[in-house]
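Only one structure is covered here, and it is reproduced in the block below.
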Amino acid sequence: MRQKIVAGNWKMNLDLNEGKELLINILDSDISDNTQCVIAPPYIHLSGFKQMLSHTKLSLGSQNCHQQDSGAYTGEVSAAMLKSVGVEYVILGHSERREYFNEDSLGISFKVNNVIKHGLRPIYCCGETLTQRKEGEHFETIRVQIKNGLFQLNEMELLNCVIAYEPVWAIGTGETASPEQAQEIHAFIRKTIAQEYGDMVADNISILYGGSVKPGNAVELFNCPDIDGGLIGGAALDAESFVAICNSF
Ligand code: PGA
């Protein structure tokens, strides 16, 4: 069964007090039972937030992790450590990581493997740049990102992954892919998975859309047959907007 998921990616925003205030406002609101909401704050807030989220339906996510369990990797955090503080989801391969930290799909595949090994769920991001779309390379770009990042997994492992399609030109720009554009790529991702793993896996994996999702466009996007929710940046920093998006199914 495909799960409906809305994940808030806070990126490098909000200090501890600001973050707690936002989380309290979200927890004070009514969120529909049929949506799995995930909060992905900066690493430093995770362990404190886990306590605030106990006895709630919300899950905790991180925005990245290292591919090794431990070792001399100054400044890094491992999936094992994330698990130990109660994290359930790990966003991997966000386009900002790909662009500013030189991550590529093959490198990210090692992180995916390690996250799966620890029983956490990767939210694997893919998406084309504006130039790639203008040149008609968007389908091939997405196909290669999915293949190189995820196709080392077996069926059961892939079913534990969530995929987020985030066109780079729509992230933080206020420009959203139209529901038709988003649906077209989501269907293509499902078809790419079906060709490798069969229909059962393709039909049961959750694929989220990300890129300037707001309360005003979430309903239309989430109504598309292959869109199972959203990865939300800017609008996740406002409790009212985030909760409205979570309740948009
Ligand atoms: P945005 O970010 O909603 O601010 O466009 C989405 C994301 O980067 O995940």
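Summary table
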| read-out | value |
| --- | --- |
| Extension gain (nm, one decimal) between Asn13 and Ser84, 0.36 nm per residue minus Cα-Cα | 23.2 nm |
| Sequence-distant residues sharing a close amide H with Gln36 (under 5 Å, placed H) | Lys4, Ile5, Val6 |
| Segment 91-124-segment 175-217 distance, computed between alpha-carbon centres (Å) | 18 |
| In sequence order, calculated HN-Hα J values of segment 7-12 (Karplus, 6.51, -1.76, 1.60; Hz; x Gly/Pro) | 10, x, 9, 6, 6, 8 |
| Full-stretch length increase - Asp104, Tyr43 - with 0.36 nm per residue and alpha-carbon distance subtracted | 19.8 nm |
| Relative frequency of Cα-Cα separations exceeding 24 Å in the chain, percent | 42 |
| Cut-off under 5 Å, modelled amide H: who pairs with Gly210 long-range | Tyr165, Glu166, Leu231 |
| For the chain: relative contact order, % (alpha-carbon pairs under 8 angstrom, 6 or more apart) | 22 |
| Listed peptides 133-146, 208-221, 103-116 by packing density, highest first (mean Cβ within 10 Å) | 208-221, 103-116, 133-146 |
| Relative packing of peptides 121-131, 154-164 - highest average C-beta neighbours within 10 Å first | 121-131, 154-164 |
| Cα gyration tensor, segment 46-112 - rounded (a/c under 1.5), prolate or oblate | prolate |
| Backbone HN-Hα couplings from phi across segment 116-131 [Karplus 6.51/-1.76/1.60, Hz, Gly and Pro as x] | 5, 4, 8, x, 9, 10, x, 10, 8, 8, 9, x, 9, 7, 4, 4 |
| Restricting segment 9-76 to chymotrypsin sites (Phe, Trp or Tyr not before Pro) in coil, as DSSP defines it, with at most 16 other Cβ within 10 Å | Tyr73 |
| Accessible area of segment 19-81 belonging to carbon and sulfur atoms, whole % at 1.4 Å probe | 48 |
| Length-normalised contact order of segment 1-114 in % [C-alpha pairs under 8 Å, at least 6 apart] | 23 |
| Amide proton proximity set for His66, modelled H, under 5 Å, gap of 5+ | Val77, Ser78, Ala79 |
| 13 Å Cα cut-off, lysine pairs counted over segment 5-246 (separation 8 or more, or different chains) | 4 |
| Per-pair calculated FRET efficiency, R0 = 30 Å: Tyr73 and Ser29 via Cβ, rounded to 0.05 | 0.20 |
| For segment 143-151, Karplus couplings with θ = phi - 60° (6.51, -1.76, 1.60), whole Hz, Gly/Pro x | 4, 5, 4, 5, 5, 6, x, 10, 7 |
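The values are calculated or read from the model by the stated rules, or taken from the named source; none is laboratory data. As the structure is a prediction and not an experimental result, all values here were calculated from the model. Methodologically, a virtual Cβ is constructed for each residue, glycine included, from the backbone with ideal geometry; neighbour enumeration extends over all protein chains shown. What goes into the accessible areas is simple: the full protein's heavy atoms, side chains included, and nothing from ligands, DNA or RNA. Shrake-Rupley method; radii C 1.70, N 1.55, O 1.52, S 1.80 Å.
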